[in-house]
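Working notes, structure below.
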Amino acid sequence: METENAVNYKFMGRSFTDLSINDDSSAFSDCNSDRSGEFSTASSQSRRLFLACTNSDNSDEFIRQLVSDLGSCSIDEQKNAALELRLLAKNKPENRIKIAKAGAIKPLISLITSTDPNLQENGVTAILNLSLCDENKELIASSGAIKPLVRALRTGTSTANENAACALLRLSQVEENKVAIGRSGAIPLLVNLLENGGIRGKKDASTALYSLCTVKENKIKAVEAGIMKPLVELMADFGSNMVDKSAFVLSVLVSVPEAKTALVDEGGIPVLVEIIEVGSQRQKEIAAAILLQICEDSVVYRTKVAREGAIPPLVALSQSGTNRAKQKAEKLIELLRQPRSANAAASPSDL
């Protein structure tokens, strides 16, 4: 497995290599737990949960009973058990370990394959909430969760889609899981969610893809799945709240030649130049870094970037940007101003 570091430049005061998917940067969805908010605090489930969790002994006994109910012949009992475990794992972090130790993970995974949408959704979301505990991630993956989560991405409700994307993100934070997730068919489905999902779905998909695409074979899968079109469209839409997120994902992709070609083919160069002209300071910095990556080994791409009028905004950035943005802009200006004839013979990516 070949894993590559993210681009090393500053974003919101942190370098890309220091940015963790776990941090609370607005660049990505946090995927911290299910954010459905659909449960009434006056519901019978909530009252039962409150009473059960007022002391540790009751909580342990209650969890064991819920895990037992997951194997019931009654669909309604399974639904109630999955919902209550979902809520327990959401509301009290210490319950995540208790629930896993009580043996809930495998029966919850089996619910993810259910044809009942509500049962599947609660199974997916309970697994997401359990995966927030680092101690549970390896157990969840080794118990066979990846393929059912991918199935939920394909067949589930919109909430199940989003929470499955978040759960896969959490599992991908264990390095060994990244290739397995990519080979399970997750990446085309995440690209589809990025393109066609709601705003939360787009955020969740971009976060998961950013994590998964630190592995080279996943970068290629993402490009083959057509990721460049939605990335370019989202970067071009300053009202989408997705410019930074899309650029982050693009920054990890463009280390492979296939991504550079797809970016140019989808009209990404003029979009990146526009970002350098009118984007925020951090957007300008990341756009300059991406253009530098695609221009370093290609005279043809340098020519395209120069013809889009990139030099004037790059000069402005070199004078008024962040220190790292200034460095990227100056280096890119130097490349763009080099005579074509001096480099044409030494540009393998142009062949």
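The values are calculated or read from the model by the stated rules, or taken from the named source; none is laboratory data. Because the structure is a prediction, the values reported are computed rather than measured. A quick note on method: Cβ atoms are made from the backbone with ideal geometry, for glycine too, and the neighbour counts reach across all protein chains shown. The protein model used for the area step is the full one, side chains on, heavy atoms only, and it has no ligands, DNA or RNA in it. Shrake-Rupley method; radii C 1.70, N 1.55, O 1.52, S 1.80 Å.
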Taking protein heavy atoms only, a 1.4 Å probe, and rounding to whole percent, the accessible area of the stretch 51-142 owed to carbon and sulfur comes out at 47 percent
Contour minus Cα-Cα distance for Ile75 and Ser320 (0.36 nm per residue): 82.0 nm
Pop a pseudo-label 7 angstrom from the Cα along the beta-carbon direction at both Gln338 and Thr303 and give the gap in nm to one decimal. 1.5 nm
Could you tell me what percent of the accessible area of the stretch 249-307 is made up of carbon and sulfur, with a 1.4 Å probe and every protein chain present? 45 percent
How many nm is it between the label spots at Glu296 and Glu94, if each spot is 7 Å from the Cα in line with the beta carbon? 4.9 nm
Euclidean distance of C-alpha centroids, the stretch 229-256 and the stretch 157-181, integer Å: 20 Å
Taking the Cα-to-Cβ direction at Asn118 and at Gln173 and moving 7 Å from each Cα, how far apart do the two end points lie in nm? 3.1 nm
Magnitude of the Cβ-charge dipole (Lys and Arg +1, Asp and Glu -1) of the stretch 205-290 about the Cα centre, nearest 20 debye, reported as 280 debye
If the chain between Ala180 and Glu233 were fully stretched, how many nm would it gain, using 0.36 nm times the residue separation less the Cα-Cα distance? 16.2 nm
